[in-house]
1. Cβ-Cβ under 8 Å, sequence separation 6+ or interchain: first residue in segment 237-256 and more than 23 Å from Gln30 (Cα to Cα), partner among the hydroxyl-bearing types (Ser, Thr, Tyr). Which pairs?
2. Scanning segment 220-232 for residues that are crowded, with 18+ Cβ neighbours inside 10 Å and assigned to a helix (DSSP H, G or I), which turns out farthest from the chain's Cα centre (by Cα)?
3. Suppose we keep only residues that are polar (S, T, N, Q) and farther than 27 Å from Gln125 by Cα within segment 46-84. Which one would you say is surrounded by the fewest Cβ atoms within 10 Å (Cβ to Cβ)?
4. Condition (residue is touching a Ser or Thr at 6+ places or on another chain (Cβ under 6 Å) and of a type in the set (Gly, Ala, Ser)) applied to segment 183-195: is it met by at least one residue?
5. Given segment 1-117, what strands (runs of 3 or more DSSP E) lie entirely inside it while holding 2 or more residues that are in contact (Cβ under 8 Å) with a residue 24 or more places away in the chain and under 25 Å from Val250 (Cβ atoms)?
6. Can you tell me which residue within segment 1-40, out of those that are more than 21 Å from Lys136 (Cα to Cα) and among the polar types (S, T, N, Q), is surrounded by the most Cβ atoms within 10 Å (Cβ to Cβ)?
7. Out of the residues in segment 194-219 meeting the condition of being in a helix (DSSP H, G or I) and not small (Gly, Ala, Ser), tell me which one is farthest from Val149 (Cα to Cα).
8. For segment 181-193, give me each residue that is surrounded by 17 or more Cβ atoms within 10 Å (Cβ to Cβ) and part of a helix (DSSP H, G or I).
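No value in this document is a laboratory result; all are computed from the given coordinates. Bear in mind the structure is a predicted one, so any value in this text is a computation, not a measurement. In this analysis, Cβ positions are derived from the backbone assuming ideal geometry, glycine residues included, and neighbour counts consider all displayed protein chains.
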Amino acid sequence: MNNLLVGESILVIGAAGLLGTQITKHALEQGANVIAVDLSSDNLQASLSKKGVDLTNLNLSCSSLDITVEEDVINFFESGIEITGAVNCTYPRNKAYGAHFFDVKISDFNENLSLHLGSAFLFTQQCAKYFKLNEKPFSLVNISSIYGVIPPKFEIYDNTAMTMPVEYAAIKSAMLHLSKYAIKYVNNSLFRVNSVSPGGIFDNQPESFLNAYKALTNGEGMLDGNDVIGSIIFLLSTMSKFVTGQNIIVDDGFSL
């Protein structure tokens, strides 16, 4: 189904990432005006171009913003932008992120929660404030994870240097409840917040990990970012206008 987002203006933050580039591309294809945002405007445009996004498209604008800086985020929302929806697929973290459980320092744990969960709070808060100011339909989609829903399956990391960071589990599970909090606080049918929780997305992980992961799915294994987009487009569109506070899991059965 085409043109689900005609007339919509969608803010995609974290638009240079694996999901962000795909969301931007597909939202444009569905007829939306898209404001694509990431830390570096130059890197953002390069990433979008690699995905085949036409940077001369009049429905696309690119901006830079650090979602962890409160003043900058507030000023961005007060800059006169016109948006009907937003997708937060940012992933801020410090250099120590990814350590194994017993190696995580409390200072790093706290900093990563502040960077990722704190910025998710700030972004959700400012979307809600923007809605209250304009009182027009608004749909926010937060990107959570299957590991915000189920505990890690640590066996798939055997024979690799990888792990499932404890901060990630804490952040992604908290984001699901944060979304529900915001909905109930605003208490208006026109303001919706939903989440999409992808399974693993392919990013050149080790072969042993890919095989172990695939064995726990229905056969597809790791997903491509493109596989998650349909759920996000649905939640941004009027086809889901009374869907709120929900979490759509896209994982080919990994969490079952």
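1. Gly245/Ser179; Asp251/Ser197; Asp251/Thr217; Asp252/Thr217; Gly253/Thr217; Phe254/Tyr213; Phe254/Thr217
2. Asp227
3. Thr56
4. yes
5. Values: elements: 9-13, 33-38, 60-64, 85-88.
Of the strands (runs of 3 or more DSSP E) lying wholly inside segment 1-117, those with at least 2 residues that are in contact (Cβ under 8 Å) with a residue 24 or more places away in the chain and under 25 Å from Val250 (Cβ atoms) span 9-13, 33-38, 85-88.
6. Thr24
7. Our first condition is that a residue be in a helix (DSSP H, G or I); within segment 194-219, this holds for 207-214.
This time we only want the ones that are not small (Gly, Ala, Ser), so: 207, 209-211, 213-214.
On the way: Glu207: 25, Phe209: 21, Leu210: 21, Asn211: 22, Tyr213: 17, Lys214: 19 Å.
Checked segment 194-219; the qualifying residue farthest from Val149 (Cα to Cα) is Glu207.
8. Those that are surrounded by 17 or more Cβ atoms within 10 Å (Cβ to Cβ) and part of a helix (DSSP H, G or I): Ala182, Ile183, Val186.
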